[in-house]
Amino acid sequence: MVVCVGRQVTAGAGGGRDLSCRVVWCPRYRRAVLAGLVRDRLDSLLREKCAWHDWLVMALGIEPEHGHLFVKAHSLHAPSYIANQLRGFTSHVLRAEFWQLWSRLPTLWSRSYFVATVGAVCADTVRRYIDTQNERPWRGAVTR
């Protein structure tokens, strides 16, 4: 049994909820286009969309070829809805602002993504995993 210190359960009408999701997605063909200004703009867009939906961003990690987001959402929103809202919004805005994304990729995001609800795992464990992606010994040097 895993005991999570500081777990935040939100109470609503008729019950409580603690829906936390980990979302991982990649650019089309896993091209390393999420660097520099694109990375910074993606970070701000993801935070903006989560704030608009009143979702709490617990951790966010953007690598040149993929992104990780750990978010606490409402129980009304399915994990697939969360992933699709974030991917659709960011694709639309980024492709409008950065012409090189139009020229290199037919669509910004791959059609596939990974979403996992975080049930028995502490939020701190997932946050630590996302924050230490660059510290893995088997990964090469990452340029930003």
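The values are calculated or read from the model by the stated rules, or taken from the named source; none is laboratory data. Note that this is a predicted model, so its numbers are computed, not measured. A quick note on method: Cβ atoms are made from the backbone with ideal geometry, for glycine too, and the neighbour counts reach across all protein chains shown.
Taking the numbered list (1) surrounded by 13 or more Cβ atoms within 10 Å (Cβ to Cβ); (2) modelled with pLDDT under 85; (3) touching a Ser or Thr at 6+ places or on another chain (Cβ under 9 Å) in turn, Ser75 passes all entries but (1).
Of the residues making up the stretch 87-101, those that are crowded, with 18+ Cβ neighbours inside 10 Å and either free of Cβ contacts under 8 Å to residues at least 40 places away in the same chain or touching a strand residue (DSSP E or B) at 6+ places or on another chain (Cβ under 7 Å) (or both) number 2. Take the residues in the stretch 31-72 that are aromatic (Phe, Trp, Tyr) and either part of a strand (DSSP E or B) or at pLDDT 95 or above (or both), then tell me which one is farthest from Ala96 (Cα to Cα). This residue is Phe70. For the stretch 108-123, the candidate set comprises residues that are at pLDDT 90 or above and exposed (fewer than 12 other Cβ atoms within 10 Å of the Cβ); within that set, the residue that is nearest to the chain's Cα centre (by Cα) is Ser112. If the condition is being among the charged types (D, E, K, R) and under 21 Å from Thr117 (Cα atoms), then the stretch 18-59 contributes Asp18, Arg22, Arg47, Lys49, Asp54.
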